[in-house]
Structure formats: C-alpha cells, structure tokens
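Have a look at the structure below before the remarks.
The values are calculated or read from the model by the stated rules, or taken from the named source; none is laboratory data. Bear in mind that the values here come from a model prediction, so they are computed numbers and not experimental data. A quick note on method: Cβ atoms are made from the backbone with ideal geometry, for glycine too, and the neighbour counts reach across all protein chains shown. Accessible surface is based on the protein model in full, side chains and every heavy atom, while ligands, DNA and RNA are left aside. Shrake-Rupley method; radii C 1.70, N 1.55, O 1.52, S 1.80 Å.
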Amino acid sequence: MESLKKQIKIFARERDWDKYHSPKNLAMALSVEASELSEIFLWLSEKESINLSENKLADLKEEIGDVMIYLTNLATKFDLDPIECAKQKIQLNITKYPSELVRGSAKKYTEYKK
C-alpha cells in the first residue's frame with residue numbers, strides 16, 4: 001500500500017496535478033470510475049458477467065486500477081489507510097449482519113428483526 005501511495009504521489013507531482021486533487025474532486029472522479037467499472041457489466045447476463053471476454057477483462061483491470069488509484073489518493077488526503085478502513089468496516093459489518101441471522105439473505109441490516 002505504501003508503494004502504491006508513493007507512486008500515485010510521484011505521478012501527480014510530476015504532472016503538477018495535485019492542485020486538482022481536492023477531496024471533492026477525488027470523490028467525484030472515484031464515482032465516475034466506479035460507473036465506468038459498472039458499465040463493463042451493463043446488459044450482460046449473470047453468466048456473461050462471470051465469464052468475461054479477454055477484452056472485457058482487460059477493461060475491468062483498467063477500471064479497477066482507476067478506482068484503486070482515486071480511492072487511495074482520497075484516503076491519503078486524510079491520512080487514512082484504505083486497507084485498515086476496509087478491515088474496520090468488516091468488523092462493523094459482522095455486528096450489523098450476524099451470520100446466524102442473515103445467512104442466505106441480501107436484505108439491508110435495518111430490515112432484520114434482532
């Protein structure tokens with residue numbers, strides 16, 4: 001993660017782009033890239049979405065890279081580690097979605113009766 005943060009920082013600095021990388025702009029760019037990632041799967045059947053063509057898989061890799069770059073850049077602005085944020089969120093989700101209560105269901109945690 002530290003290596004990726006460093007590469008992103010160097011890339012932006014060499015292009016004098018950091019001035020454009022406000023948290024607001026990074027969040028918006030992240031949203032756009034996530035939409036581009038979703039677009040890869042648009043109109044595909046469930047089976048097609050699991051078995052991507054080589055071209056679509058290459059597109060998926062690029063979009064995942066874009067999402068990761070913007071997410072990492074945004075987290076860095078607040079001195080956050082995205083990996084640690086994800087680990088903490090998993091712990092929170094364990095309490096929100098106890099396996100014995102939610103197994104096999106995709107409801108939101110507010111829809112379960114505890």
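Could you give the accessible area per residue of the chain, probe 1.4 Å, as a whole number in Å²?
With the other protein chains kept in place, the chain gives 79 Å² per residue.
At 1.4 Å probe size, put Leu26, Leu101 in order of accessible surface, largest to smallest.
Ranking Leu26, Leu101 by accessible area, largest first, yields Leu101, Leu26.
Taking Lys107 as the anchor, which lysines have their alpha carbon closer than 29 Å to its alpha carbon, excluding any fewer than eight residues away along the same chain?
Within the straight-line cut-off, Lys107 pairs with Lys47, Lys87, Lys89, Lys96.
Any chance you could look up the accessible area of Asp79 with a 1.4 Å probe, heavy atoms only, rounded to 10 Å²?
Result for Asp79: roughly 130 Å² accessible.
By the scheme Lys and Arg +1, Asp and Glu -1, what is the net charge of all other residues having a beta-carbon under 10 Å from that of Glu39?
Local charge sum for Glu39: -3.
Based on Cα coordinates alone, diagonalise the gyration tensor for segment 1-40, multiply each eigenvalue by 5, take square roots, and list the semi-axes in whole Å, largest first. The partial results should precede the final answer.
Details: eigenvalues 90, 38, 15 Å².
Gyration-tensor ellipsoid for segment 1-40: 21, 14, 9 Å.
How much mean residue ellipticity at 222 nm does the chain get from its helices, if each DSSP H run of length 4 or more adds -39500 (n - 2.57) and you divide by all residues, to the nearest 500 deg cm²/dmol?
Taking each H run of at least 4 residues, the total per residue is -22500 deg cm²/dmol.
With a 1.4 Å probe and all protein chains kept in place, how do Phe41, Phe78 rank by accessible area, largest first?
Details: Phe41 65, Phe78 120 Å².
Reading off the accessible areas and sorting them downward yields Phe78, Phe41.
Within 14 Å, Cβ to Cβ, of Asp81, how many net charges do the neighbouring residues add up to if Lys/Arg are +1 and Asp/Glu are -1?
Result for the neighbourhood of Asp81: +2.
Note down the accessible area of Tyr112, probe 1.4 Å, to the nearest 10 Å².
30 Å²
Would the chain count as rounded, prolate or oblate if I go by the C-alpha gyration tensor, calling it rounded below 1.5 in a/c and otherwise prolate when a/b exceeds b/c, oblate otherwise?
Since a/c reaches 1.5 but b/c is at least a/b, the shape of the chain is classed as oblate.
Over all directions, how big on average is the projection of the convex hull of the alpha-carbon atoms in segment 48-114, in square nanometres?
Numbers: hull surface 27.0 nm².
Average of the hull's projected areas for segment 48-114 equals 6.7 nm².
When all protein chains stay in place, what accessible area (Å², nearest 10, 1.4 Å probe) is found for Ser53?
Answer for Ser53: close to 60 Å² accessible.
Over the chain, with every protein chain in place, what whole percent of the accessible area is carbon and sulfur at 1.4 Å, could you tell me?
Details: 5170 of 9050 Å².
After summing per-atom areas, the C and S share lands at 57 percent.
Report the net charge of residues surrounding Asp66, where surrounding means a beta-carbon distance below 11 angstrom and charges are Lys +1, Arg +1, Asp -1, Glu -1.
With Lys, Arg at +1 and Asp, Glu at -1, the neighbours total -4.
Taking the mean number of other Cβ atoms within 10 Å as a proxy for protection, how do you rank 5-12, 69-76 from highest to lowest?
Peptide ranking by packing, descending: 69-76, 5-12.
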